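The values are calculated or read from the model by the stated rules, or taken from the named source; none is laboratory data. All values reported here derive from a predicted model rather than from experimental measurement. Because the Cβ atoms are built from the backbone with ideal geometry, glycine has one as well, and the counts that use them run over all protein chains shown.
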Amino acid sequence: MSNQSESPNPTSSSNKITLKTSDNEVFEVEEAVAMKFCTVKQYFDDENNNNVTSGTSTTLIPLPNVESHPLAILITYCKKHLEIKANNADNKKEMEIDMEHYEREFLKNVMPQELTELILAANYLNFKEALDFFCRAVASAIQNKSVEYVRKFFGLESDFKPGEEEKLREEFAWSFEGVDED
Amino acid sequence: MEIVRRRRAIGETMNVTPLARKAKNQKLNDEQNTDRISNLPDAILQRILTLLETKDAVKTSTLSKRWQYLWMSITYLVFLEDDGPDKRKKRVQFMNFVERVLVLRDSSDLTLFVLSCDVLNDASCINAWISAAVMHKVQVLSIGLGSDEDSRCNSEEPIVLPHCLFISESLTYLSLTYFNLKSYILLKVPSSIWFSSLKTLKIRFAVFPDDRSMQQLFSGVPVLEDLTLDACCWWNVRSVCISAPMLKT
């Protein structure tokens, strides 16, 4: 698996696919990477079925629900994913170890808000492995944390009326005991 | 034209709110800490909740109104009574919590149910919970039951697990552990047992009562592949024939 980074100038090649984000940035990615995004794959397959005549494909696939920032991260993640898979084709255990190591490092550079954006993008692109990974990351980040911490982590504010939240807390009192330090 | 149509099609099928943000906003920083998580579709938020221990999933109900009822469709339930110094004090809270979660959650089938707690005087409650899990077609069931050293409860009397557990059609994995007991606990099983889907059975720290009931247990596991009997007492059992044609380990 070669691992070239995407070039800003699309050069027509049969195994490259061009993706255009909602903020009008263009990414050229290898077919293997693009095919991990099921939404793109579906589009690509449909397009190929409709245009049997076009030999060299220079398809530009619009992604109106994905911005360039999360897409760039997803492409990097996807490439690494494919690379690790290719490097350990015959050893599943080694692959899992490498993947875990990469994912741990990956999360060090991701802000909580970015994580949400990545989930949205991965969900839209239907990129299963990434979606699984990001959901796991969110879950482990909020595991055994206080409600206040989780609110801050997600950047959300309570819209309960005075008293409503307290009532809920009383009802589920046991779950509010013994949380980790924020 | 084709692209416009497809663009709409992609946007619509995925059911994602378009993020109408300007390009200059794309660089994230601390000030721009807006609530985006709540924009995620229910299915994804529920997926995250499913990865949490149940108490953490339920706790998200107090984040905001958007989250209040989301946890109710989780299909993994994990209840672990903690072993802290004020354990007895928290007992009532723990019991209430499990009860409330089981009553309030929606009617979806359960994938996994893990319960680890002391029995004390609540055997009938615990049995009702296990029955509830079985009624919701639970596939993976792990039960750890114990009794506190200094509790005055009668630990000699075995908890008799509900009959419905032993004829569950959905169960593929069952783990039964009796822990932290002064004396081993007698594993009482009903006279009719048929685990039609059970592939893995683990029993730890139990006393097997007699030949006949053991024979019944091991004749009611037609597709069992993995059997673990750990630190169990066989002194009441002279011989038993395990008839599980698919058994691997």
**OP:** Find the residue count for the stretch B:58-70, including only residues that are touching a residue at least 12 places away in the same chain (Cβ under 8 Å) and at the interface with another protein chain (Cβ under 10 Å from one of its Cβ atoms).
**Re:** 4
Original post:
Considering the stretch B:102-123 alone, what residues qualify as being within 13 Å of another protein chain (Cβ to nearest Cβ) and more than 25 Å from B:L198 (Cα to Cα)?
Top reply: B:V103, B:L104, B:R105
**OP:** May I ask you to list the residues in the stretch A:151-166 that are at positive phi and more than 7 Å from chain B (Cβ to nearest Cβ)?
**Re:** A:G163
**OP:** Please find, among A:A121, A:A86, the residue that is out of contact with any Phe, Trp or Tyr (no Cβ under 7 Å at 6 or more places or on another chain), of a type in the set (A, V, I, L, M, F, W, C) and within 14 Å of chain B (Cβ to nearest Cβ).
**Re:** A:A121
**OP:** State whether the residues of the stretch B:14-26 include one that is within 7 Å of another protein chain (Cβ to nearest Cβ), modelled with pLDDT under 90 and in contact with an Asp or Glu (Cβ under 6 Å, 6 or more places away or on another chain).
**Re:** yes
Subject >> Odd one out for A:A139 among (1) more than 21 Å from A:I73 (Cα to Cα); (2) within 7 Å of chain B (Cβ to nearest Cβ); (3) in a helix (DSSP H, G or I); (4) modelled with pLDDT of 90 or more >> reply: (1)
Original post:
Listed residues B:E81, B:E99, B:E53; which is closer than 30 Å to B:D35 by Cα, within 12 Å of another protein chain (Cβ to nearest Cβ) and touching a residue at least 12 places away in the same chain (Cβ under 8 Å)?
Top reply: B:E53
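Output yes when any residue across the stretch B:82-104 is assigned to a loop (DSSP other than H, G, I, E, B) and modelled with pLDDT of 90 or more, and no when none is.
no
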Original post:
Exactly one of (1) assigned to a helix (DSSP H, G or I); (2) more than 9 Å from every other protein chain (Cβ to nearest Cβ); (3) farther than 20 Å from B:Q68 by Cβ is unmet by A:E148. Its number?
Top reply: (3)
Original post:
Out of (1) assigned by TED's automatic domain parsing to the domain that holds A:K80; (2) without any contact (Cβ under 8 Å) to a residue 60 or more places away in the chain, the odd one out for A:N126 is which?
Top reply: (2)
**OP:** Please state which one of A:V179, A:V147, A:V110 is modelled with pLDDT of 90 or more and among the hydrophobic types (A, V, I, L, M, F, W, C).
**Re:** A:V147
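Can you name the residue in the stretch B:106-135 that is under 12 Å from B:Y76 (Cβ atoms) and in contact with a strand residue (DSSP E or B) (Cβ under 8 Å, 6 or more places away or on another chain) and is also surrounded by the most Cβ atoms within 10 Å (Cβ to Cβ) among such residues?
Only one residue fits best here, namely B:A133.
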**OP:** Among residues belonging to the stretch A:46-83 that are at pLDDT 80 or above and more than 17 Å from A:F134 (Cβ to Cβ), point out the one that is surrounded by the fewest Cβ atoms within 10 Å (Cβ to Cβ).
**Re:** A:L60
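Only one residue in B:I126, B:I74 is at pLDDT below 95 and within 14 Å of chain A (Cβ to nearest Cβ). Which one?
After ruling out the rest, the residue left standing is B:I74.
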**OP:** Considering only residues that are more than 24 Å from B:G146 (Cβ to Cβ) and within 23 Å of the chain's Cα centre (by Cα), look in the stretch B:196-225 and name the one that is surrounded by the most Cβ atoms within 10 Å (Cβ to Cβ).
**Re:** B:V221
